[in-house]
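**Q** Right, I'll just put the structure down here and ask away after.
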Amino acid sequence: MKNICALIALGSAFAASTPALAQEATPAASFQGLRVQAVAGYDHIRSGSTVDINSDNVKQSIDGVVYGGGIGYDFAVGSRVTIGADAEITGSSASYDNNNSQPNTFTLGRVKAGRGLYFGGRIGYALSPAALVYAKGGYTNARYNVELANGGVSQSRRLDTDGYRIGAGMEYKLNKNMFVGAEYRFSSYKRGEFDYNGATPDSNRFRIDTDRHQIVATAGVRF
């Protein structure tokens, strides 16, 4: 009788624990749910390949630190595969001031990277319950604060640019909720417009050719 009671108690305990075990039954399940994260790293912005000028005297790029935060959600769609969505907002210290002394392919007197926006999706592959590699892609919008010279008069404007971003990265779980990671992303901007203050309408959209390379570290929490 004692043995029968012991077996019943053991079976009840196993049944109660099964749902909790099932939630973490696959590596992909460890990377499921809502996440928020901070990002920081290297930011390199340059004229696109179609307008490169092979001269050491012409400034073709600006560099700085990119920083910001993002939010996303991932779903496990197999034992190791995840799909998800991302949104991010960042700032950057990248800037350049030629003081009218050095030509540059930005054709602007002063230029400073402003806020950046990104919306896209990603697909991941869980190497283990603690490590995930992923690829991502989507829409990005970057703003630049610029100052142009017009007959000796400086005029400040905002240049908004639209393009796409692709990237890849890795995420590593420190514990059940916290994670760190690293990511490389490439952005290409092909359309732009100048935003004017007051009642002045924005400019017509025009073609541009600007590339952006970023290498960032990430740290966040998954709920």
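**Q** Please go through the range 123-133 and give me each residue that is without any contact (Cβ under 8 Å) to a residue 60 or more places away in the chain and open to solvent by less than 20 Å² (accessible area, probe 1.4 Å), ordered by number.
**A** ALA131
**Q** Filter the range 174-215 for residues that are out of contact with any strand residue (DSSP E or B) (no Cβ under 8 Å at 6 or more places or on another chain) and at pLDDT 85 or above; which is surrounded by the most Cβ atoms within 10 Å (Cβ to Cβ)?
**A** LYS176
**Q** Also, I was wondering about something else. Can you name the residue in the range 34-52 that is hydrophobic (A, V, I, L, M, F, W, C) and at pLDDT 95 or above and is also least open to solvent (accessible area, probe 1.4 Å) among such residues?
**A** The extreme case among them is VAL39.
**Q** Here's a follow-up. Among the residues of the range 63-105 satisfying the criterion of being in contact with a Ser or Thr (Cβ under 6 Å, 6 or more places away or on another chain), surrounded by 13 or more Cβ atoms within 10 Å (Cβ to Cβ) and at pLDDT 60 or above, which is farthest from VAL221 (Cα to Cα)?
**A** Step by step, filter the range 63-105, then rank; the result is GLY64.
**Q** May I pose another question? Quick check on LEU159: is it more than 19 Å from the chain's Cα centre (by Cα), within 23 Å of SER47 (Cβ to Cβ) and modelled with pLDDT of 85 or more?
**A** The answer is yes for LEU159.
The values are calculated or read from the model by the stated rules, or taken from the named source; none is laboratory data. As the structure is a prediction and not an experimental result, all values here were calculated from the model. Glycine gets a Cβ as well: all are built from the backbone with ideal geometry, and neighbour counts include every protein chain shown. Heads up: the accessible areas ignore ligands, DNA and RNA and are worked out on the full protein's heavy atoms, side chains in. Shrake-Rupley method; radii C 1.70, N 1.55, O 1.52, S 1.80 Å.
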